[in-house]
Amino acid sequence: MALETTLILFKPDAIEKNLTGKVLTRFQDAGFVIRGIKMMQLDDTILREHYAHVSDKPFFPEIVAFMSRTPVIALALEGEDVISRVRDLLGPTNSKAAAPGTVRGDFGEDMMTNVCHASDSTEAAAAEIRRFFKAGEIFGY
């Protein structure tokens, strides 16, 4: 097992439904440690960078509108194999296909309204943490 840090974004549906505490508790109960956490309003610049891989898709404007609807909570979470384990806790991206007991199975609605974004690789996690956290905003103890 490798000690990793991943990025989680609590999406607008999680904020609006007041689910952040419940989901964060699941992460902490799994043994993961918070290394950084903050609420922020995402603008077009950061959304275009974060979703560059789908910026040419017809649904891209819908993603931008959804992700800027409310502030989000960015979370840097550390643990053994945290990237794959968090993705298992969340369930598939499409909440309709997520099993009960997973975050998306319990609280999500569809492909976009699915509570959280989570990094999918160590490379993505490193880039995403740099994107959402400034130097000095990630802590160890």
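Just so you know, all these numbers are worked out from the coordinates, no wet-lab data involved. Small disclaimer: the values here were computed from a predicted structure and weren't measured. Cβ placement follows ideal geometry from the backbone for every residue including glycine, while neighbour counts extend to all protein chains displayed.
Taking Cα pairs under 8 Å and at least six residues apart, what relative contact order does the chain come out at, in percent?
Values: 226 pairs, mean separation 53.2, N = 141.
It rounds to 38 percent for the chain.
Report, for the range 3-132, the % of DSSP beta bridges that are antiparallel, rounded to 5. Write out the running numbers ahead of the final one.
Numbers: 18 of 19 bridges.
Within the range 3-132, antiparallel bridges account for around 95 percent of the total.
If you place +1 on the Cβ of every Lys and Arg and -1 on the Cβ of every Asp and Glu, how big does the dipole about the Cα centre of the range 3-132 come out, in debye to the nearest 20? Intermediate results must be reported in sequence, preceding the final value.
On the way: 15 positive and 19 negative charges, 52 e Å.
That gives the range 3-132 a dipole magnitude of about 260 debye.
Enumerate by residue number the chymotrypsin sites (Phe, Trp or Tyr not before Pro) in the range 1-89 meeting two conditions: DSSP loop (anything except H, G, I, E, B), and at most 14 other Cβ atoms within 10 Å of the site's Cβ. Can you show the working numbers first?
Working: sites: 10, 27, 32, 51, 59, 66; in loops: 32, 51, 59.
When the chymotrypsin sites (Phe, Trp or Tyr not before Pro) of the range 1-89 are filtered for loop state and at most 14 Cβ neighbours within 10 Å, 59 remain.
Hey, any idea what the orientation-averaged projected area of the convex hull of the chain's Cα atoms comes to, in nm²?
Numbers: hull surface 33.0 nm².
About 8.2 nm², averaged over all directions.
Where the centre of each part is set by its Cα atoms, how far does the range 12-33 sit from the range 89-141, in angstrom?
Spelled out, the Cα-based centre of one part sits 11 Å from the other.
Could you put 47, 3 in order, starting from the residue whose Cβ has the fewest other Cβ atoms within 10 Å? Could you put the intermediate results ahead of the total?
On the way: 47 18, 3 10.
Fewest to most other Cβ atoms nearby, the residues stand as 3, 47.
Name the lysines eligible as straight-distance cross-link partners of residue 134: C-alpha to C-alpha under 29 Å, and not fewer than 8 places from it in the same chain.
Straight-line reach from residue 134, under 29 Å: 11, 17, 22, 38.
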